[in-house]
1. Which of the residues that make up region 151-205 are hydrophobic (A, V, I, L, M, F, W, C), open to solvent by 10 Å² or more (accessible area, probe 1.4 Å) and part of a loop (DSSP other than H, G, I, E, B)?
2. Please verify whether region 382-393 includes one or more residues that are farther than 19 Å from P314 by Cβ, among the β-branched types (V, I, T) and without any contact (Cβ under 8 Å) to a residue 12 or more places away in the chain.
3. Considering only region 372-379, I want to know if a residue exists there that is in contact (Cβ under 8 Å) with a residue 60 or more places away in the chain, in contact with a helix residue (DSSP H, G or I) (Cβ under 8 Å, 6 or more places away or on another chain) and closer than 20 Å to R413 by Cβ.
4. Quick check: anything in region 347-367 open to solvent by 60 Å² or more (accessible area, probe 1.4 Å) and of a type in the set (K, R)?
5. State the number of residues belonging to region 90-120 that are open to solvent by 10 Å² or more (accessible area, probe 1.4 Å) and among the aromatic types (F, W, Y).
6. Which residues, counting only those in region 328-346, are crowded, with 21+ Cβ neighbours inside 10 Å and among the small types (G, A, S)?
7. Looking only at region 422-473, how many residues end up being in a helix (DSSP H, G or I), open to solvent by 40 Å² or more (accessible area, probe 1.4 Å) and among the polar types (S, T, N, Q)?
8. State which residue pairs qualify: first residue at negative phi and inside region 120-146, second residue open to solvent by less than 10 Å² (accessible area, probe 1.4 Å) and in a helix (DSSP H, G or I) in any location, beta carbons under 8 Å apart, and separation of 6 or more residues or different chains.
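The values are calculated or read from the model by the stated rules, or taken from the named source; none is laboratory data. Since the model is a prediction, treat every value here as computed from it, not as a measurement. Reconstructed Cβ throughout: ideal geometry from the backbone, glycine too, with neighbour counts over all protein chains shown. Ligands, DNA and RNA are stripped out before the accessible areas are found, and what is left, the full protein with its side chains, is counted by its heavy atoms. Shrake-Rupley method; radii C 1.70, N 1.55, O 1.52, S 1.80 Å.
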Amino acid sequence: MTVIPDSVPLGAALPETADSTLLSSLSTLLTRWLPNQRWFAGKGRPLDGLTLAAATELLPCRPGSATPGLLHLLVTAHQGRDTDCYQLLLGVRAVLPPALVPALIGRPETGPLRGCAVYDAVPDPRLTAVLLERLRAPGRLGALRFLREAGTAIGSGLSPRPLNAEQSNSSVVYGDAFILKLFRRVAPGSNPDLELPLALARAGCREVPAPAAWFEAAEPPGGGGPLTLGILQPYLTGSSDGWQLALRALADRESFEGPAHALGRATAYVHTALARALPTDVLAGGELAALAEEMTERLDRATEAVPELDRYRPALRDAFRAVVDLARAGHQVPVQRIHGDLHLGQVLRTGDSAGGGSWALIDFEGEPAKSLAERRTPQPVLRDVAGMLRSFDYAAHSRGATAASRAWARANRRAYRAGYEEAAGTELRAQAALLRVFETDKAVYEVLYEARHRPSWLPIPMAAIRRLAGGPG
């Protein structure tokens, strides 16, 4: 059950007169600033223009005021035929403190904020504290709606600090109690990072932090549902992500098989809970054949961009053809909601990393490059399993493609699969051909990604391609 009391009068929707001139006064500044943000999805393509979807004052923005203002914008970026909607939190001050100078966007020369310092509000603790207060006492304000899960306790006066990790969103930690994830690129419809943890919490799953509160924007005229803008969840103090733990174990030449086994169990628990909490289905016949065709098309596109793949393409196509053979044999593949982008960086371990700790799965948003509809589509659980198996390979090869690192990866892949099988009550060995298909598809995706973004990492997925194609390495 969700609590939605009357709104607290901290701010207001902007008057139409201000709304009509606001974006034109900010357009030049934002057009220059947006493409340089790590979460901007349209890098490398011209930004043709911006339109304003909604504007709300969370704190009054008045030129010359001694107190800062906080402005919430939903802005649509136009790049050719593509459009993306972005959430912007803008601070407004007469004078910008030195600590916030790196966040400066600029000073508008016209409009309602003329002469003010306009900046990204996320690094400003005075302004991000307002978001927590809104979530503590939720309600509606302009196009925004703040909600809280019933029975949750959110303390006041928690000191905010932004996380500086490179990611497609922005996060703020409050004290050591909560973390607020702010989605930057948003779309109509419930974000899986809210939808799935909320369903899991209500189903009693303990392997995923339960959402305490969230906020959203009203459904746009075109429909599709409200836009999820931010989620407040418990902050797991003292936890470490699986990627760092794996690298540490490699560097110290320590076994990671115990944690890998426990992670397999945790993954299976989450999959089982999702299957109980949300609808499931099966793929068969033409749907399975279409899945194989999609994978083959991805392979062909990747080969055009990365010619090194060409020598392995016949063997990889054969792997995808196994899905067609399953369809012809009348095989059915269960599908359900899954994590969608599972790897060692998406899991946190609390307690004793050597064996007495526990795993939590986080970041259920799915692959950011995919549309919201794609990320919400039920998938075989093997897609998540394959993602984690590839992550063990990545960790091992990031320390060098040695015999020891390859043995480390094989041992942890076995341990993870064994833990998954125990908790799920299923044998992955019986699905070996299908698991190879999903691992191959993931490796093809990785090849294309690394070729475009991190060429020095390309040998890591190429080693997997050679192995999956039946060659050495």
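1. A153, I154, L158, L163, A165, A177, A187, A203, C205
2. Residues of region 382-393 farther than 19 Å from P314 by Cβ: 382-393.
Checking the rest, the ones that are also among the β-branched types (V, I, T) come to 385.
This time we only want the ones that are without any contact (Cβ under 8 Å) to a residue 12 or more places away in the chain, so: none.
No: region 382-393 contains no residue that is farther than 19 Å from P314 by Cβ, among the β-branched types (V, I, T) and without any contact (Cβ under 8 Å) to a residue 12 or more places away in the chain.
3. no
4. no
5. 0
6. Result: G340, single match.
7. So the count comes out to 2.
8. Close Cβ pairs satisfying both conditions: A121/L127; A121/T128; V122/T128; L141/R134; F146/R134; F146/L135.
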